[in-house]
Amino acid sequence: QISLLIGFISVNNSPWTDYSAYSFFQIVTMCDLVMILFFYMMHIFRVYRKLTCVSWPLAEFLHYLIGTILLLIGSIVAAAKSYNITGLVAGATFGFLATILCVISMWSSYKVSCITQSTSKYH
C-alpha cells in the first residue's frame, strides 16, 4: 500500500506531458488502494463470516490478479511516457515495486488459503 501511495503522490505532484497515461496510472493505483483497504476491513470486522455465499479467497486472488495486471500495464505506460521527469520516473518505479509486492501477496494469499486447505483435508 505504501509503495502504491508513494507512486500516486509522485505522479500527482509532477508536471504531466501525457494526460491519458498518467490519469490511467492514477486511477489504477487508487482502485488498488481502495480494494486493498476493502479487503482489510473485511478481515478486521470479520464480515466474511457473515457473507458465506462469497468465496473470499477466490475474490481476493482475483482482485490481486486483475490489480497486478493493470498496475503492470500502467507502470509500463508511465515509464515509457516519463520523459526523464524525476517525479514521473519515481511514480513508475514505485508502480513496478508495487506490482512485485502484489505478486508476492497474491502468491502468499494463494499458498495460505488454497494449499493449507487442501492439506488439512487429509489430516
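The values are calculated or read from the model by the stated rules, or taken from the named source; none is laboratory data. All values reported here derive from a predicted model rather than from experimental measurement. Cβ atoms come from the backbone with ideal geometry, glycine included; neighbour counts cover every protein chain shown. All accessible areas refer to the heavy atoms of the entire protein, side chains included, with ligands and DNA or RNA removed. Shrake-Rupley method; radii C 1.70, N 1.55, O 1.52, S 1.80 Å.
If we scan the stretch 31-48, do we find a residue that is within 14 Å of T93 (Cβ to Cβ) and surrounded by 16 or more Cβ atoms within 10 Å (Cβ to Cβ)? Even if it seems obvious, please write down each step before you answer.
Of all residues in the stretch 31-48, those within 14 Å of T93 (Cβ to Cβ) come to none.
Taking every residue of the stretch 31-48 in turn, none turns out to be within 14 Å of T93 (Cβ to Cβ) and surrounded by 16 or more Cβ atoms within 10 Å (Cβ to Cβ).
Go through the stretch 60-91 and give me each residue that's exposed (fewer than 13 other Cβ atoms within 10 Å of the Cβ), part of a helix (DSSP H, G or I) and touching a residue at least 12 places away in the same chain (Cβ under 8 Å).
Within the stretch 60-91, A80, T86 meet the criteria.
Take the stretch 1-25 and flag every residue that is polar (S, T, N, Q) and more than 12 Å from the chain's Cα centre (by Cα).
Within the stretch 1-25, S10, N12, N13, S14, T17, S20, S23 meet the criteria.
Going through the stretch 94-111 one residue at a time, which ones are out of contact with any Ser or Thr (no Cβ under 7 Å at 6 or more places or on another chain), open to solvent by less than 80 Å² (accessible area, probe 1.4 Å) and closer than 22 Å to Q26 by Cα?
Within the stretch 94-111, S105 is the sole residue that qualifies.
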